[in-house]
Amino acid sequence: MSQPTSHEPSPDLFPGLEISPRIHILVLPTPPDFHCPHCQAHTPFNLYYAAPEALEPQVRAAFDKATRALRADRCDHQDFHCRGCGRAVRVVYMACEIAMSSYLYHPRRVLIGPPRG
Ligand SMILES: [Zn+2]
């Protein structure tokens, strides 16, 4: 099977992505929204209380392999499927606590799986 593609977070992938004036790094808007470069669908997603969607085992293994270094670097991730084309998506991010129990989310990497067969 084909490998996932790896993307730098950008405002095209995440409309509303912007530099936080508080911590001076790119942060996701609330709620974040994924814009699929393949089918142009928008998929809102959630980083804190949503349980990750179950990925196909092969896709999850490929995502895990591609994000091993980031996950070792205190990053978390959220998995979901594009609402339009059904490709698996993983957003790897770092949660930055800006006040007690108040977080901003700095995306580090986006992985997009192959078309669903
Ligand atoms: Zn899509």
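Here, each number is a calculation from the coordinates, and none is a lab measurement. If you're wondering where the values come from, they're calculated on a predicted model, not measured in any experiment. Here the Cβ positions follow ideal geometry from the backbone for every residue, glycine too, while neighbour counts run over all protein chains shown.
Quick notes on this structure:
- Ellipticity estimate at 222 nm from DSSP helix runs (n ≥ 4, -39,500 (n - 2.57)) divided over the chain, nearest 500: -3500 deg cm²/dmol
- Our summary gives the chain a relative contact order of 29 percent, counting only alpha carbon pairs under 8 angstrom and 6 or more residues apart.
- Around the Cα centre of the chain, unit charges on the Cβ atoms of Lys, Arg, Asp and Glu (plus for the first two, minus for the last two) sum to a dipole of about 260 debye.
- Highest-MSF residue in the chain out of Arg22, Arg71, Arg87 [GNM, Cα springs under 10 Å]: Arg22
- Based on Cα atoms of the chain, Rg over Rh with Rh as the Kirkwood radius reads 0.95.
- In the stretch 1-58, Rg over Rh equals 1.01, where Rg is the alpha-carbon radius of gyration and Rh the Kirkwood radius from pairwise Cα distances.
- Relative to the dominant Cα principal axis of the chain, helix 57-66 is inclined by about 50°.
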